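The values are calculated or read from the model by the stated rules, or taken from the named source; none is laboratory data. Please read all numbers here as calculations on a predicted model, not as lab measurements. So basically every Cβ, Gly included, is an ideal-geometry build from the backbone, and we count neighbours across all protein chains shown.
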Amino acid sequence: MKRFVLLFLSVLLLAGFTFSVTTIEFWHAMESDKVPLIQNMIQDFEALNPDIKVKLQYTGSYPETLNKLVAAVQTGNAPHIVQIYEIGTRLMIDSGVIVPVQDLLDQDKSYDVAVLLEPILNYYTVEGKLYSMPFNSSTCLLYYNKTLFEQAGLDPNRPPQTYEEVIEYCRILTKKDAKGQTLQYGLTWPTHSWVIEQLMAAADAPFVNNNNGRTGRATEAVFNNEAGLKIFELFDQLNKEGLILNTAREDWSASDENFISGKAAMLFTSTSDVRIFEEALTKNGYTLGTAFLPVPDASVSGGPVIGGASLWLIAGHPDSETKAAWEFMKFVTQEEQQILWHKGTGYFPTRKDAVKRLHYERFYAENPNYFTSLLQLLLAKKDYNTAGAIMGVFQQARDTIETAYERMAAGKMTPAEALAWAEKEVTKLIKEYNSIYQH
Amino acid sequence: MKWGKYTPYLLLIPTFLIIILFIYWPAINSFLLSFYKTSLFGQKKIFVGLQNYLNLFHSESFLEAFKVTLIYICATVVSVIFLGYLVAVLLDNKVVGVKIYRTLIFVPYAISFTIGGALWLFMLNPVAGHVNYFLSRIIGKNINWVIEIPYALISVIIAGIWKMLPYSIIFYLAGLQSISEEVIESAIIDGSNAWQRIWKIKFPMLSPITFYLVIMNIIDAMFESFGIIDIMTRGGPFGSTTTLTYKLYQDAFFFYKTNLAAAESVILFLIMSLITFLYFKFGEKTVSYQ
C-alpha cells in the first residue's frame, strides 16, 4: 500500500512538473559552426531551469528573420525572443511589438546591466533606454598578412595607422607582373558601407543628426563632413592607383578569399573572423596580424562601432513566458556562456567578468589577435559618434552609399560629388521613413 | 438527375479555393497595398492614393531598372530563340552519339537558376575563374566580370542565356523532327541549299513554336532571372544589373518598403498583360499553323 501511495505521489509530481514547463521560442540567424554553440547554450540553460524549454528556430539571414518576424506578428505566431541585426534597431523600436529590455531590467534588481561592456551597451541604448540584449557583437578590424609585409620589406609589427600610411603601405605591397597585371594588391574589403561607417566612427564623426539619432529621431544624414570626405578620398586614391581589390557589393566571402589566398595583403572586415583567418593563414604558410582601424591623422581618435545583432523580446505573450524568456536572455550573457561564445566565434564577450577571466587564464596573451579587437573596442572614445548611428532606413542607406562608392571607383564622380549625392539621397530616405511615424 | 447541372461547379470548388487563397487574394491585397503607406508591422496605415506610383516614376533607380530589364529581356530572348534554333538544327542530324549530346545540352535546364548563377560566378571569378584563365592566355587581359560595368550585365545575360537555351532547343528539336521528310525532299529537288532550308522552310514551319517560346522566354527572363542576379551580382555594380523583379525583391524584403514594392508588382503585372495582349493581337497573324 505504501509503495502505491509513493508511486501515486511521484506520478503526480512528475505530471505537475511537466505541466508547469514553459516553452519559449527563440529565432536566430546564425549559421554553420555557430549553431551548435547556441544549442549547447540552450542545453545548459535547460539543465539549470528544468521548468523552461527553449525551442530554437533558424530563420535565415538577418533580413529574412526580420521579414519572418513581420509575418509572424501579423498572424499572431510571434516568437518570444528574436535575434535582430543592429541596423534593425530603429525599426524594432518603432515597431510597437516589443518589450524593451529596460522594462524588465527595472523590475529585476538581481541583474545589474553594468556587468556588460559599456561600448556594447551604448549601441543598444537609445534615448537612455536599453532596448535589447546584446548577443553577438563585433566591430571592424584591419587584418594584415605579416609574411607579405616582411617580403615587401615592411616591419610586420608596425601596421599602418593613418590614411597616409595605408596608401604608402599599399604602394609598397602592390605587385605587378611584366604585362601590368596585378599579382598582389595592398588592400581588399567586402565593398560594404559598414566599413565606411566604422571608419567614420574611428575618425570621431557623426553619421546622422540628433547625435546619431540617439537623443531624438534622426532627420538628416550628415556624413558629408570632413571625415567622410577624407575616407572617400582615401578610397578614391587607392582605386586610382590600382592598390585596392574591390569585390562584388557586400561580398564578405570574396574579400576573405582574397586575403586568405594572399592576393591582398590587408583586409577590412569583422572581428568575428579572427579564428577563421588564424587557421586559414597558418594553413597557407602566412602569419596573421591585426590592427586598429586607421584614422585620418594621428591627432584624431574615435573608435569602432558595434555591429552584429541583439536579442529582442516580443510583446503579446503571457507574463510567465516573458519572464522565462528574460531568464534565458540573462543566462546567455553569463560569464561561462560568453567565454565559450567568444572563443568559438570571435564575437566579443559581452561581460566584464568574462574578459577578466579570459585574461587570468592567459587567453589574450596567447591570442594577441583576439586582444587587438577587444583593445580597440575598450580604448575607443565613448561618445555618440562611436555609439553608432540609428535610423530606420539603414539597409537602403548602405545600398546608396555603396552606389556612391561604386560611381566614384568607376571614375564617374569625384569623392566630394559621390558623398554629397549619397548624403542627399539618404536624407530623402530618412524623411520618407519618418513621415509615417510622425503622422 | 438534378445533380448533373451542378457537378462541374462542385468539382471546380477545390481548385478555385486554392487559386483564390494563393493567387487572387494576395494579388488583390498587393493591389490595395499599393495605394497605402504602412508601417513595417502594419499598425499604421495611411491612404496615399497614387503617391507610390508617382514616386516610382520619379525615381531614378526605378527607371534604370526598367532599362536594364528591357536590355536583359531583348538580349536573352533574341539569343535564346536563334541559338536555340541553330543548336536544334545541329542536333537534328544523325551523327554518332547524338543522344548523348542532346542529354548533355539539356542539363542546364535541370539545374536551378540559383545553382547556375553560382556555377557562373565560380567560372567568372577574376582571380581563380576558368574564363579569365583562358582570356589571359589568349589576349593577356583579366576582366573583373561581375563587378565592372558593363561586364556585370553581360555576365548575367550570358548565364541567363545558358540557362534558358535548353528549353528552346528541346521545343525546336521536337518541331524539327515532326517536319515530314517529303517537304525537305521536295525542297532539295527544287534546288534549295541547306541554309535556305533552315531559314526559309523549316523556321517558318515552326512559327507556332517560336511564338510560344518568345512568350515563355520573356516571362522566364522577367521573373526567373532573379536567382542568377541574386547570386551573381545582387543587382550591382550600381544598379546596372537590377531588373524590375530584383528591385521589387529588394524593396520588399531588404528595404522594408512593402507599399512601394506592391506598386512595382502591379506595374510588372500590367507590363506582362500588355506584352501578352499585343503579342496575341499582332503576333498571331504571322504564325502559320499547319
> Which of (1) within 18 Å of A:ALA315 (Cα to Cα); (2) within 14 Å of chain B (Cβ to nearest Cβ) is the odd one out, the single condition A:TYR85 does not satisfy?
Replying inline: (1)
> What is the residue count in region A:49-78 for residues that are out of contact with any Ser or Thr (no Cβ under 6 Å at 6 or more places or on another chain), on the phi < 0 side of the Ramachandran plot and within 14 Å of chain B (Cβ to nearest Cβ)?
Replying inline: 15
> When region B:133-157 is examined, which residues are found to be under 26 Å from A:LYS412 (Cα atoms) and either free of Cβ contacts under 8 Å to residues at least 60 places away in the same chain or away from chain A (no Cβ under 14 Å) (or both)?
Replying inline: B:LYS141, B:ASN142, B:ILE143, B:ASN144, B:TRP145, B:TYR151, B:ILE154, B:ILE157
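Taking the condition of a type in the set (Ser, Thr, Tyr), within 20 Å of the chain's Cα centre (by Cα), within 14 Å of chain A (Cβ to nearest Cβ) and within 18 Å of B:TYR246 (Cα to Cα), does B:SER112 pass? Working first, answer last.
Details: of a type in the set (Ser, Thr, Tyr): yes; within 20 Å of the chain's Cα centre (by Cα): yes; within 14 Å of chain A (Cβ to nearest Cβ): no; within 18 Å of B:TYR246 (Cα to Cα): yes.
No, not satisfied.
On the basis of being more than 14 Å from chain A (Cβ to nearest Cβ), in contact (Cβ under 8 Å) with a residue 60 or more places away in the chain and more than 30 Å from B:PHE35 (Cα to Cα), does B:PRO237 make the cut?
Values: more than 14 Å from chain A (Cβ to nearest Cβ): no; in contact (Cβ under 8 Å) with a residue 60 or more places away in the chain: yes; more than 30 Å from B:PHE35 (Cα to Cα): yes.
Spelling it out, it is not the case that B:PRO237 is more than 14 Å from chain A (Cβ to nearest Cβ), in contact (Cβ under 8 Å) with a residue 60 or more places away in the chain and more than 30 Å from B:PHE35 (Cα to Cα).
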> Which of the following residues is over 26 Å from A:GLY302 (Cα atoms), within 14 Å of chain B (Cβ to nearest Cβ), touching a residue at least 40 places away in the same chain (Cβ under 8 Å) and not aromatic (Phe, Trp, Tyr): A:ASP94, A:ASP108?
Replying inline: A:ASP94
> Quick check: is even one residue across region A:131-144 assigned to a helix (DSSP H, G or I), farther than 30 Å from B:ARG137 by Cβ and either hydroxyl-bearing (Ser, Thr, Tyr) or in the same structural domain as A:ASN258 (by TED's automatic domain parsing) (or both)?
Replying inline: no
> Within the group A:LEU243, A:LEU267, which residue is at pLDDT 95 or above, farther than 14 Å from A:ASN145 by Cα and in the same structural domain as A:THR162 (by TED's automatic domain parsing)?
Replying inline: A:LEU243
> If you check B:ILE228 against the conditions, is it under 13 Å from the mean Cα position of the chain (by Cα) and either more than 10 Å from chain A (Cβ to nearest Cβ) or small (Gly, Ala, Ser) (or both)?
Replying inline: yes
> Of everything in region A:248-296 that's in contact with a helix residue (DSSP H, G or I) (Cβ under 9 Å, 6 or more places away or on another chain) and among the acidic types (Asp, Glu), which residue is farthest from the other protein chains (Cβ to nearest Cβ)?
Replying inline: A:GLU278
> Do we find that A:VAL222 is away from chain B (no Cβ under 14 Å) and touching a Gly at 6+ places or on another chain (Cβ under 6 Å) in this structure?
Replying inline: no
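Conditions tested, residue by residue: (1) under 20 Å from the mean Cα position of the chain (by Cα); (2) β-branched (Val, Ile, Thr); (3) modelled with pLDDT of 95 or more.
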residue	(1), (2), (3)
A:LYS382	yes, no, no
A:VAL393	yes, yes, no
A:GLU406	no, no, no
A:THR414	no, yes, yes
A:GLU417	no, no, yes
A:ALA420	no, no, yes
A:GLU423	no, no, yes
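Condition check: within 14 Å of another protein chain (Cβ to nearest Cβ) and either over 24 Å from the mean Cα position of the chain (by Cα) or touching a residue at least 60 places away in the same chain (Cβ under 8 Å) (or both). Does A:GLN181 satisfy that?
yes
Test B:ALA75 against the stated conditions and say whether it is modelled with pLDDT of 90 or more, crowded, with 17+ Cβ neighbours inside 10 Å and within 14 Å of chain A (Cβ to nearest Cβ).
Spelling it out, it is not the case that B:ALA75 is modelled with pLDDT of 90 or more, crowded, with 17+ Cβ neighbours inside 10 Å and within 14 Å of chain A (Cβ to nearest Cβ).
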>> I need the full set of residues from region B:115-132 which are surrounded by fewer than 18 Cβ atoms within 10 Å (Cβ to Cβ) and either within 14 Å of chain A (Cβ to nearest Cβ) or more than 30 Å from B:SER168 (Cβ to Cβ) (or both), in order please.
In response: B:ALA118, B:PHE122, B:VAL127, B:ALA128
